[in-house]
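The values are calculated or read from the model by the stated rules, or taken from the named source; none is laboratory data. From a predicted model like this one, the values you see are computed outputs, not experimental measurements. Reconstructed Cβ throughout: ideal geometry from the backbone, glycine too, with neighbour counts over all protein chains shown.
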Amino acid sequence: MWIAHFSDLHLTREGQALYGQVDTRAAFLAALARLRDLPLSVELLLISGDLAEGGEAEAYLFLRQALADLPVPVALLPGNHDCRATLGRGFPEQFAAWQGPVLRLPLSQGSLLLLDSSVPGREWGQVDASTLAALEAAAGGPLLVAMHHPPFPVGIPGMDAIACRGSLEAFGQWLAGAAEGLLCGHVHRQVATQFHGVPARVAPSPAHQIALGPRALAYTLEPGGFLLHDWQPGRHLLTHWLPVQAAPLHFYPE
C-alpha cells in the first residue's frame, strides 16, 4: 500500500508570508496538486505535525477546506507549533476518536498508530510511561507508528535539542517487537535511519527546509517535498522522496 507523508506545513493567516518570504499556503496547495496527479493508488495521506505556524483557527480552516475534495483519507498529528484544542475544534470528527496519546487507524493490510508526542508550551516532545501503556494497549498485527518528534538524533544540533525526550530506550524496545516502521516530522528534511532496528523516516516540509551544517538553527529555501511510503507488511519499508514541483516526463525510445 502507498502512504503519502507530508509534514511541517506551518500554515499562516491569509496574506501572511512566514518569516516574510515563505508562502506556506501555496507550497501546501502545490504538494496536494502533485499528490492528486500521481499515477498511484494512495491509501492515506499522513501529515505529521506543525500544521499551523501559530495554532490559529484560520489556518486550520484553510487546511480543512484544502483537504475537502481530496479523494484520499487524511490522518493528522499535532506538532509543537499546533494548538491541540483549536485543531480538535477544526477537525472534531478525527480528534474525537483519540483516547489518550495514541490513536489506531486501520489500513488495508495493517494499522497506523498515531502517537501525539507534543508537550503544550514546549518545542520538544515526550514519550512517557502513559504513552508506552497506550501503545501496548493499541498494538497487534502489522503496525506502522507515526509521531511528530523523532526519538533519535538527526545531526542538526538545533533540532536535536528539541527532539523527543523521556522513556526512549523503553519506547525503542517496544517498537522493535511491535512495529515495522516509524514515521516522523519536525526536522524539515528527509532523514532515513533505523531506531532499535526499525526503519525510521523523517519527512521534509513542502515549504522551507532546515539547513544542514550550521550549528545555529537556520532555514533554507531548498525545494520542498514529501515522502511516499510503499508498505507491504512483512517486507522492508520502501520510501520515495518527491519534490513538490513536478517535471516533464521524457520517455526512452523503444
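Restricting 29, 18, 40 to those that are of a type in the set (A, V, I, L, M) and in contact with a strand residue (DSSP E or B) (Cβ under 8 Å, 6 or more places away or on another chain) reduces the list to 40. Scanning segment 158-178 for residues that are aliphatic (A, V, I, L, M), surrounded by fewer than 21 Cβ atoms within 10 Å (Cβ to Cβ) and assigned to a helix (DSSP H, G or I) yields 168, 170, 176, 178. Out of curiosity, is residue 49 within 20 Å of residue 227 (Cα to Cα), surrounded by 16 or more Cβ atoms within 10 Å (Cβ to Cβ), modelled with pLDDT under 95 and within 16 Å of the chain's Cα centre (by Cα)? Yes; evaluated as a whole, the condition is true for this residue. For residue 200, the test of being of a type in the set (Gly, Ala, Ser) and part of a strand (DSSP E or B) is passed.
Restricting attention to segment 1-46 and to residues that are hydroxyl-bearing (Ser, Thr, Tyr) and more than 16 Å from the chain's Cα centre (by Cα), the residue that is farthest from residue 204 (Cα to Cα) turns out to be 41. If you go through segment 64-79 and keep only what is buried (at least 20 other Cβ atoms within 10 Å of the Cβ) and either in contact with a Phe, Trp or Tyr (Cβ under 8 Å, 6 or more places away or on another chain) or of a type in the set (Val, Ile, Thr) (or both), you end up with just 76.
Taking the conditions exactly as written (crowded, with 23+ Cβ neighbours inside 10 Å, of a type outside the set (S, T, N, Q) and either out of contact with any strand residue (DSSP E or B) (no Cβ under 8 Å at 6 or more places or on another chain) or more than 24 Å from residue 111 (Cβ to Cβ) (or both)), does residue 6 satisfy them or not?
Details: crowded, with 23+ Cβ neighbours inside 10 Å: yes; of a type outside the set (S, T, N, Q): yes; either out of contact with any strand residue (DSSP E or B) (no Cβ under 8 Å at 6 or more places or on another chain) or more than 24 Å from residue 111 (Cβ to Cβ) (or both): no.
Judged against the criteria, residue 6 is not a match.
Of all positions in segment 20-29, at least one carries a residue that is under 24 Å from residue 117 (Cα atoms) and not aliphatic (A, V, I, L, M).
Every listed requirement among (1) over 22 Å from residue 232 (Cβ atoms); (2) touching a Lys or Arg at 6+ places or on another chain (Cβ under 9 Å) is met by residue 77 save one, (2).
State whether the residues of segment 179-190 include one that is within 30 Å of residue 111 (Cα to Cα), acidic (Asp, Glu) and outside any loop (DSSP other than H, G, I, E, B).
No - not one qualifying residue is present in segment 179-190.
Would you pick out the residues in segment 179-223 that are surrounded by fewer than 16 Cβ atoms within 10 Å (Cβ to Cβ), small (Gly, Ala, Ser) and more than 30 Å from residue 138 (Cβ to Cβ)? 213, 216, 218, listed by residue number.
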